[in-house]
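I have placed the structure first, in the form of structure tokens, so that the comments after it can refer back to it.
Bear in mind these aren't lab numbers, they're just calculated from the coordinates by the rules spelled out. This one's a predicted model, so the numbers in the text were calculated from it and none came from an experiment. Cβ placement follows ideal geometry from the backbone for every residue including glycine, while neighbour counts extend to all protein chains displayed.
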């Protein structure tokens, strides 16, 4: 479907792009680019190869791939075509995969094996240069694509704070953090201005993927053109400036800040970046290398700008829907990675005395090993309301008092009288090899690509919330009553409780699929 582009938008792009304008505008008749990013927190190399067989790599993300089916539309296929004669983009995928059902409906998606993400949206996190152990803030984080990508770079180490000002969107963000099995994240719901006083110079890396006029969404979501206007562009630019000002306070000396949008407006992109540097003398642009499918920012919007600290992705080049990113560094020397600020305290002695039901759960559910020991490490356990949570191994959780917090580290579960009920987040964060009882619903067969998106009767019943017969499902330890980790292709999917020859379903009601 070709969007009905606003006349003011067409006029501005013709003025900005000059001789390239026709090529740019014709690209809106092409199918949008679609991508997925493998979650290396839960997926090994073998399964990544199976999932992505026949798919093409996204140039700027090692574990990102193009695919051309329309998720949410069953077996209906979209075929991407590049109408531009001057592009060498090769972003198609194997036709057998295009003919299959949607990646978004796969049990692997529910298990967090991958995240469906527009390809050009994967570019900004690359330029954060995240290393394990860092404290990272994603300031405008919903729905969570860039946050979960940042978590992959942290590899379970350090701290990730994901913030979203709109409560409903923050809830979606929190759900995606949970689905991807991320153990070291905090999800908050505040304005950037509210956070800046709480977290001065607290983070090693900050991403500002700012709310914008969304011109890069026109091809993907044609209805979004109806919300666009020049006034919206001006309003977004003013809001972006305020967000960047707040972010600048929260970055440590020597730290890196990446500003990005999914729009083509120079006022929201290059001009915003130049104004930020003009207003913040303790920041400088960082020269970056571009990947295939990118162009340096500045040109063609303004021939006088030579922005080697910024990149653009243009839809007519055939690699994505469009994105802008600029990279800044704060003056000063880095003085060690990690969160800097007030932190939550571990369990008090009085609270630790009430852990018996939790210890019983751990002893009866987990095999001996590092993961079991970490779950019993009282120096990392803390209470968040009625929920028992786990701090990252090498980082503290920020002090949560006074913060609207949806997720605080890894939620382990809650106490109900003399029982401990494990959380869905814990199930999604653990590995099958750490468990005493597992129920494998589907196993990897590299030759059976269709099953990767079709699911099976057992997975369908489990995701629907039905009770399963433990005699049907194969897995070690099912004869012993107790909490059982349900897996698909070896990846954790949720809890069940084995008792009397059946598996009682504990998949959350709000996630169940009809």
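Ordering 351, 333, 344 by the number of other Cβ atoms within 10 Å of each residue's own Cβ, fewest first, gives 333, 351, 344. The calculated FRET efficiency for the pair residue 348 and residue 29, based on their C-beta separation and a Förster distance of 45 Å, comes to about 0.10.
Taking Cα atoms only, the orientation of helix 356-365 departs from the longest principal axis of the chain by about 80 degrees.
Per residue, the chain reaches -7000 deg cm²/dmol at 222 nm when only DSSP H runs of four or more residues are counted, each adding -39500 (n - 2.57). Put simply, when 34-41, 125-132 are sorted by average Cβ atoms within 10 angstrom per residue, most first, you get 34-41, 125-132.
Each of 188, 148 has some number of other Cβ atoms within 10 Å of its Cβ, and from fewest to most they run 188, 148.
Which angle between 0 and 90 degrees, to the nearest 10, do you get for helix 7-17 versus the longest principal axis of the chain when only C-alpha atoms count? Helix 7-17 sits at roughly 70 degrees to that axis. For residue 331 and residue 376, a Förster radius of 51 Å and the Cβ-Cβ distance give a FRET efficiency of 0.70, rounded to the nearest 0.05. Between 0 and 90 degrees, the angle of helix 270-279 with respect to the longest Cα principal axis of the chain falls at about 80 degrees. Please label the shape of the range 121-330 as rounded, prolate or oblate, based on the square roots a ≥ b ≥ c of the eigenvalues of the alpha-carbon gyration tensor (a/c under 1.5 means rounded; beyond that, a/b larger than b/c means prolate, else oblate). Judged from the Cα gyration tensor, the range 121-330 comes out rounded (a/c under 1.5).
Computed from the Cβ-Cβ distance with R0 of 56 Å, the FRET efficiency linking residue 14 to residue 457 stands at 0.50.
A simple spin-label model places pseudo-atoms 7 Å from Cα toward Cβ; at residue 201 and residue 62 they are separated by 3.3 nm.
As a proxy for reagent exposure, ranking 430, 286 by other Cβ atoms within 10 Å from fewest up yields 286, 430. Hey, any idea what the orientation-averaged projected area of the convex hull of the range 142-267's Cα atoms comes to, in nm²? For the range 142-267, averaging the hull's shadow over all directions gives 8.3 nm².
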